[in-house]
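Below you'll find the structure, written out as structure tokens, and then a few comments.
The values are calculated or read from the model by the stated rules, or taken from the named source; none is laboratory data. None of these values were measured; they are calculated from a predicted model. Here the Cβ positions follow ideal geometry from the backbone for every residue, glycine too, while neighbour counts run over all protein chains shown. These accessible areas exclude ligands, DNA and RNA; they are computed on the full protein's heavy atoms, side chains included. Shrake-Rupley method; radii C 1.70, N 1.55, O 1.52, S 1.80 Å.
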Amino acid sequence: MARLAGLYCILLAAAAVAAVAAAGGESDAEAVSSYIVHVAHAHAPRAPRPHLLARAYNSFLRDSLPASVALPEPKVFYAYARAATGFTARLTARQAAHLESLDSVLAVVPDLTYQPHTTLTPKKSKGATDVVIGVIDTGIYPIGRPSFAADKCLPPPLNFRGRCVSTPSFNASAYCNNKLVGAKFFYQGYEARYGKIDETVESKSPLDTEGHGTHTASTAAGSPLLQLRQRQSCRHGAGARIAAYKVLWKHGGVGSDILKAFDEAIADGVDVISFSIGPTGAIPEFYEDAKAIGAFGAVREGIVVSASAGNSGPGEGTVANTAPWVLTVAASTINRRFPATVVLGNGETFTGASLYAGKPLGAAKISLVYAGDVGSALCEAGKLNARMVAGKIVLCDIGNIPQTLAQKGEAVKLAGGAGAIVLSSKEYGEQAMATPHVLPAAGVKFDDAVKIYKYIKTHAYPAATIKFIGTVVSSNPSSPRVASFSSRGPSLHAPEILKPDVTAPGVDILAAWTGKGSPSSLKSDRRRVPYNIISGTSMACPHVRGIAALLRQVHPDWSPAAIKSALMTTASDFFNGGEIKDMATGKEANPFDYGAGHALNPGLVYDADADDYVDFLCALGYSAKQIALFTRLGSVTDCSKSASSVGDHNYPAFSVAFKSDTDVVTQRRVVRNVDSNSWPRATYVPRVTSPPGVHVTVKPSMLDFSAAKTTQKYTVTFTSQRTGIAKKKHAFGSIVWTDGVHRVASTIAVTWPAGSTVAEMSNYI
């Protein structure tokens with residue numbers, strides 16, 4: 001599959017726990033693996049300082065393990081007190097099983113492997129100067145980067161308690177300032193899994209040698225370059241502050257390190273946490289996911305948590321990070337493109353995309369070949385026939401091998417090729433991926449590649465050239481369009497919660513880059529750039545966290561749920577006079593693609609707190625022990641007192657999973673008036689756009705707010721009426737509450753059982 005530059009996704013790996021059996025069936029030695037041990041709050045040791053807490057958990061371990069399983073002696077390398085209650089240690093399978101059998105232990109979870117999540121921006125967060133955004137990623141590269149330069153106009157943040165950690169390769173006193181206020185790194189879980197970090201390749205420090213963390217941090221809160229050049233006085237703010245938490249390394253990162261980063265960020269007092277990490281393959285249940293558990297702990301402390309939706313689109317049910325306490329962000333385009341035109345010998349032209357900025361090919365057409373005819377259809381390194389490739393343009397196919405688009409171009413260059421044309425996968429539809437190739441090369445969409453291939457096969461002397469247009473800012477094609485790679489809903493584990501929540505710019509985003517790596521991430525590429533252009537929901541996520549930082553500054557008393565509500569209900573799914581489109585299909589996008597729209601005085605908010613999220617977990621059928629992983633209160637949650645369904649969670653959108661064509665579903669909501677201009681009196685009425693095949697009833701038909709009544713409840717009943725209509729799997733609508741000034745919009749997404757739908761994809765919305 002083609003690489004999205006900066007495309008990072010979580011790889012779930014089962015813990016490798018195996019006994020090394022000796023003669024006679026006895027075990028001479030047992031393999032050890034890392035486990036996260038969640039301890040019941042009532043049994044957890046107390047300590048005034050973090051390093052003392054780890055020592056206390058070592059004593060807890062010694063007291064908990066009988067002699068029969070005491071060896072090899074386990075050692076705690078992380079202790080958690082805020083994002084979770086418990087520790088991470090290296091244990092044998094028998095030790096882990098014994099601990100899980102204890103009443104004092106809630107769960108023993110294998111330490112899953114994660115990887116960094118990848119593939120002219122309308123961001124306005126410059127007023128959020130006292131807000132600190134915690135970025136959990138690959139670290140940060142502040143050396144010579146204006147995005148993270150010190151600003152004399154910024155006083156120290158009032159409530160931040162964190163710091164920058166110095167190492168031989170990261171001089172905290174030189175690199176950190178009143179813009180970059182925190183920098184830490186976490187590696188013990190990673191080294192327990194993969195062995196010692198090779199410091200000739202990576203920096204065991206907060207320093208980013210990969211680029212992804214630097215890019216996302218500068219997108220979220222970096223100082224605008226033009227603003228830095230023009231700054232004459234302190235009238236210009238430089239946006240929110242940044243605290244970087246490095247958890248991702250060469251082979252990725254592990255849950256214990258990520259959970260520790262959450263723990264530290266909460267202790268440091270950040271206002272917003274962002275992580276661009278998400279699953280590929282099986283999506284873990286919330287109680288199995290260190291990210292979801294850590295995010296719950298942060299939200300309970302009033303910290304807004306945003307996350308990328310994932311880059312596994314355009315298939316349905318691929319969206320990641322779907323916990324309702326997390327703001328989940330999809331990716332869409334902006335009005336800036338980097339077109340490159342392939343011109344064939346017969347005069348046909350095909351416009352694709354490229355970030356190549358070197359010496360162009362020129363107007364004269366040169367020989368064009370298909371990679372499958374010259375050694376390797378996928379343009380694999382070392383497999384192309386240099387004699388047949390030399391001086392020619394090569395059309396490279398797509399395939400399911402671990403190979404990036406840049407690596408395809410590199411393989412052509414190494415074989416002596418003059419240029420390359422790299423196609424996108426068929427599922428990507430209208431999207432051609434822009435890549436910083438090391439030779440003249442362009443990405444083209446699949447349908448155009450098929451035409452180029454046919455031209456090669458039907459002409460005796462096929463030839464072509466590539467024209468590089470550069471940067472184009474235009475309203476044609478319209479933007480935003482949902483990126484083909486952006487993961488789609490519905491949520492697999494909670495289909496009644498509409499995910500993703502919002503969409504934001506995530507295609508061809510320009511931001512700061514590491515000085516330790518090339519723009520293509522190829523070892524052979526000696527180029528170094530202060531800024532780079534990459535794509536992915538990882539790039540979209542920081543745009544939203546920047547806006548969330550501004551809302552946190554303006555409304556410091558709002559809960560994370562209220563901030564999410566403001567983002568979702570004031571978003572729009574219309575831009576430049578038309579609907580948001582889907583690049584994968586060329587058709588109108590739907591809320592499973594973009595959520596509530598593009599991400600600002602909301603009028604009303606849908607609020608929720610930790611108790612509401614516990615009710616949500618109860619409605620999912622979680623056990624008391626599983627819920628205690630989030631609440632950290634031991635097995636005391638009594639779900640029998642929670643009568644709500646998953647669909648009753650006070651979410652700013654409605655997602656309905658019908659069980660039949662005639663099913664009836666009722667969901668309940670509570671809204672709070674937060675408009676300071678009309679407060680305390682306001683009257684809202686609903687405008688309902690029913691999804692096709694669904695009758696929607698809202699009661700009451702009017703919401704009156706006063707000083708004595710700042711919150712109001714309402715119910716929505718959804719009645720399926722699909723009989724006699726063309727059956728589709730999904731349908732969409734909306735409820736908009738308005739007082740004549742505000743539009744508080746909630747998306748409606750309904751799903752019918754797959755068994756009662758027409759199978760063809762063409763019948764899907």
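Look at the stretch 369-391: where a residue is at positive phi and in a loop (DSSP other than H, G, I, E, B) and a partner is modelled with pLDDT of 95 or more and not charged (D, E, K, R), sitting 6+ places away or on another chain with Cβ atoms under 6 Å, you get GLY375/LEU384; GLY375/ASN385; CYS379/ALA371; CYS379/CYS396; CYS379/ALA411; CYS379/VAL412; GLY391/ALA418.
Residue under question is VAL438, and the condition is that it be assigned to a loop (DSSP other than H, G, I, E, B), open to solvent by 10 Å² or more (accessible area, probe 1.4 Å) and among the aliphatic types (A, V, I, L, M); does it hold?
Numbers: assigned to a loop (DSSP other than H, G, I, E, B): yes; open to solvent by 10 Å² or more (accessible area, probe 1.4 Å): yes; among the aliphatic types (A, V, I, L, M): yes.
Yes: the conditions hold for VAL438.
Summed over the stretch 522-546, the residues that are of a type in the set (A, V, I, L, M, F, W, C), in a helix (DSSP H, G or I) and more than 18 Å from ARG336 (Cα to Cα) give a count of 2.
Can you give me the number of residues within the stretch 651-681 that are open to solvent by 10 Å² or more (accessible area, probe 1.4 Å) and of a type in the set (Gly, Ala, Ser)? Residues that pass the stated criteria total 4. The set of residues in the stretch 442-457 that are part of a helix (DSSP H, G or I) and either of a type in the set (Asp, Glu) or under 29 Å from the mean Cα position of the chain (by Cα) (or both) comprises PHE446, ASP447, ASP448. For TYR714, the criteria (1) more than 33 Å from the chain's Cα centre (by Cα); (2) open to solvent by less than 50 Å² (accessible area, probe 1.4 Å); (3) among the hydroxyl-bearing types (Ser, Thr, Tyr) hold in every case but one, which is (1). Give me a count of the residues in the stretch 485-511 that are over 14 Å from the mean Cα position of the chain (by Cα) and either not assigned by the TED database to the domain that holds GLY222 or not in a loop (DSSP other than H, G, I, E, B) (or both). Going through the stretch 485-511 one residue at a time, the tally reaches 3. Which is farther than 24 Å from ALA295 by Cβ and open to solvent by 10 Å² or more (accessible area, probe 1.4 Å), of SER521, SER535? Result: SER521 is the single residue among SER521, SER535 that is farther than 24 Å from ALA295 by Cβ and open to solvent by 10 Å² or more (accessible area, probe 1.4 Å). Only one entry of THR341, THR351 meets the criterion of being open to solvent by 50 Å² or more (accessible area, probe 1.4 Å) and either aromatic (Phe, Trp, Tyr) or at pLDDT 95 or above (or both), and that entry is THR351. Is it true that GLU202 is surrounded by fewer than 24 Cβ atoms within 10 Å (Cβ to Cβ), modelled with pLDDT of 90 or more and part of a loop (DSSP other than H, G, I, E, B)? In short, yes.
When restricted to residues that are in a loop (DSSP other than H, G, I, E, B), surrounded by fewer than 17 Cβ atoms within 10 Å (Cβ to Cβ) and small (Gly, Ala, Ser), the stretch 157-199 contains 3. Residues that are open to solvent by 10 Å² or more (accessible area, probe 1.4 Å) and not small (Gly, Ala, Ser) within the stretch 407-422 comprise GLN407, GLU410, LYS413, LEU414, listed in sequence order.
Please go through the stretch 280-313 and give me each residue that is in contact with a strand residue (DSSP E or B) (Cβ under 8 Å, 6 or more places away or on another chain), surrounded by fewer than 24 Cβ atoms within 10 Å (Cβ to Cβ) and on the phi < 0 side of the Ramachandran plot, ordered by number. The answer is THR280, TYR287, GLU288, ILE303, SER312.
Within the stretch 247-267, being charged (D, E, K, R) and either open to solvent by 10 Å² or more (accessible area, probe 1.4 Å) or within 16 Å of the chain's Cα centre (by Cα) (or both) holds for LYS250, LYS260, GLU264. When you go through PHE485, PHE468 one by one, which is the residue that is at pLDDT 95 or above and either of a type in the set (Gly, Ala, Ser) or crowded, with 18+ Cβ neighbours inside 10 Å (or both)? PHE468 is the lone residue from the list that is at pLDDT 95 or above and either of a type in the set (Gly, Ala, Ser) or crowded, with 18+ Cβ neighbours inside 10 Å (or both).
Would you be able to say whether some residue in the stretch 547-568 is part of a strand (DSSP E or B), within 23 Å of the chain's Cα centre (by Cα) and crowded, with 18+ Cβ neighbours inside 10 Å? The answer is no; no qualifying residue exists.
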